[in-house]
Each structure stands twice: as C-alpha cells, then as structure tokens.
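Every read-out reported here was derived from the displayed coordinates using simple, explicitly stated rules and does not represent laboratory data. As the structure is a prediction and not an experimental result, all values here were calculated from the model. All Cβ positions, glycine included, derive from the backbone under ideal geometry; neighbour counts span all protein chains shown.
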C-alpha cells in the first residue's frame, strides 16, 4: 500500500484556521477565498479518511482526530519552515518577541537564548519574563510571538511541543514544623501551577496549610526558602545548596508532574521565529535533563 503524503499547504491552512478561529480569517491571512479554504479542509479529510472539523454555526470545532492531527501538524510545519529558512538569504529581521516563565528555570533559558542571539547575524530578540498564565494571555493578544509556559495539561491552543518536569518539596536544611501546625507555603501568586499542586497534594492528605510568602519570581521563592520562611515546590534545575528535599515519609506527598509547553501561532511566526523556537526546544530539553549534585539528590 502506497504511503499517504500530507501536503504542507493543507496542514498550514488547518493550523491557520485553528489559530484564527475560522475559515474566513484564515482565508484573509493565506490570500485565498473562503470557499478555497473549505475545499482544502475537505481534501485533507478525504486524504486521511477522517472527519477533522465540525462547523457549529459560525464556530469551528475540532473532532478528536482533528485535535490529534493539529499537534502533529504543528511539528511538521515547524520542521518545514526551519528547513526552508536554512536557504533564505541572510537579512536582519524584526525582533522576535519571546516569553520566558519566571515560575520555571528562566535563568538557564535566558542565558541560552542570549548566547544564541549573539552568535546569529539575523536574529534579534525581545525577551519578556512573567508568570506563565500572563505570558499565554499576551500570546493570545499578539503581544509576544512565542513563549515557554507552564500549563495544566491536556489540549491547549497554540501548543507546539510539551515536556514534563517532576517538582519536589523543598525547605531549608534545618527547617522543621511543629506537629499539628499548618504547613507554611512559599509560593507564587494564585493561578501558578506549582501552587496548585502543593495545595491539592496537602488538601488531599487533609493537612492544613497557609501562605507564608508569595512572589511572582523564582528568585524570591528560592530566597524565602533559604531564609526558613516555609516549604515550597521546585524542580531539580532550580534547587540551591542549603535546601533539603522533603519526602512522603516526612508528610509531604508526591506532587503531580508539571506540564511545560512551547506555544506560538504558526500564522504569525516568521522564519526567524521558527529558528528561535527550535533553539528553545533544545534549551528546554537540556534544562529538563539537568542532574543536581549528589548531595542535593540525597537530601
């Protein structure tokens, strides 16, 4: 049986329609008529033999097959645009506006991106650091071009690639809590995925807790933990000397994994943006593989 080849123009039309919320706006961006876009989607469905999109009035909804294809299509388009970009004549582009989450390992990502931009003759960066939920809101408003962000998991609009990271409970090495006292939490503001996991885990074990310190920045949280203000959740790349990792035997149940994603709108991202996206993927892969010193791991 001959392999079915999916034309990238059909995949690009699909993703553009998803990102912009319908065929009419996709047709404007792609320079086609609305009927032509509809025909392209019919052709894609015929190639795959599956229904991908359901029209409900003016609203376009993806079927489960459509959602699954969208994830793969974003990957295919990213690689396609990166390959084409290799042969584009070098020229200086507008700055690529990148969002980095201050509730993750922003230091490593920022250093890696900065080093990459310094070596590039054509890529200029404009870096915006904020909480993940704020960065995703700014992406939706087209205030940034792409972002790394923590998210709850599941299907997410504009999600191109995702990773998982296991958070751990941490406290200062000599920290202790009196029996029966609420757990003092050092955390980010409400809505943060770290905070959600800590409060859910303690509530599930019927253990009382209180907010002892709140800061949007990872540096403030790290400092508060080392100052002995309370207990927090961090990932291995953000552990610091002087911290101990708390275990279930200490009364701290395992936390649910964090979901970290790279998000951008294909219809809005130029070729330099795709190059930055590929580099961000490499950086997050490297960040997720960081192993703490032996003394930390055994704390």
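How would you rank 54, 177, 218, going from fewest to most other Cβ atoms within 10 Å of each one's own Cβ? Let's see the in-between values first.
Values: 54 11, 177 15, 218 22.
By the 10 Å Cβ count, ascending, the order reads 54, 177, 218.
Taking label positions 7 Å along the Cα-Cβ direction at both residue 121 and residue 203, the computed distance is 5.6 nm, reported to one decimal.
For the range 168-256, what is the percent of antiparallel DSSP beta bridges, rounded to the nearest 5? Kindly include the intermediate steps, with their values, before the conclusion.
Values: 7 of 13 bridges.
In the range 168-256, approximately 55 percent of DSSP beta bridges are antiparallel ones.
Compared with the dominant principal axis of the Cα atoms in the chain, helix 8-20 is inclined by about 60°.
Taking other C-beta atoms within 10 angstrom as a stand-in for reagent exposure, 25, 195, 141 fall in the order 141, 25, 195, fewest first.
For the range 8-85, rounded, prolate or oblate, judged on the Cα gyration tensor with a ≥ b ≥ c (square roots of eigenvalues), a/c < 1.5 rounded, else prolate if a/b > b/c?
On the way: a/c = 1.69, a/b = 1.22, b/c = 1.38.
Oblate, since a/c reaches 1.5 and b/c is not below a/b.
Going from the fewest other Cβ atoms within 10 Å to the most, the residues 274, 259, 128 appear in the order 128, 259, 274.
Give the separation of the Cα centroids, the range 139-168 to the range 26-82, in Å. So the separation of the two Cα centres works out to 21 Å.
Judged by the gyration tensor of its Cα atoms, with axes a ≥ b ≥ c, the range 32-142 is prolate; a/c meets the 1.5 cut and a/b is the larger of a/b and b/c.
Modelled label positions at residue 249 and residue 179, each set 7 Å beyond Cα in the direction of Cβ, lie 1.9 nm from each other.
Within the range 54-194, what percent of beta bridges assigned by DSSP are antiparallel, to the nearest 5?
Antiparallel bridges: around 25 percent, rounded to the nearest 5.
Between 232, 214, 56, the residue with the greatest mean-square fluctuation in the GNM of the chain (Cα pairs under 10 Å linked by springs) is 56.
The GNM of the chain, with springs linking C-alpha atoms under 10 angstrom apart, assigns the highest mean-square fluctuation among 280, 119, 269 to 119.
Helical content alone sets the calculated 222 nm signal of the chain at -13000 deg cm²/dmol, taking -39,500 (n - 2.57) per DSSP H segment of four or more residues and averaging over every residue. Springs between Cα atoms under 10 Å define the GNM used for the chain, and in it the highest mean-square fluctuation of 248, 272, 216 occurs at 248. Report, in degrees rounded to the nearest 10, the 0 to 90 angle that the Cα long axis of helix 34-48 makes with the longest principal axis of the chain. It is inclined by approximately 70 degrees. Against the compact-protein benchmark of 2.2 N^0.38 Å, the Cα-based radius of gyration of the chain scales to 1.16.
Report the antiparallel proportion of the DSSP beta bridges in the chain as a percent, rounded to a multiple of 5. Kindly include the intermediate steps, with their values, before the conclusion.
Numbers: 23 of 37 bridges.
Beta bridges within the chain, antiparallel portion: roughly 60 percent.
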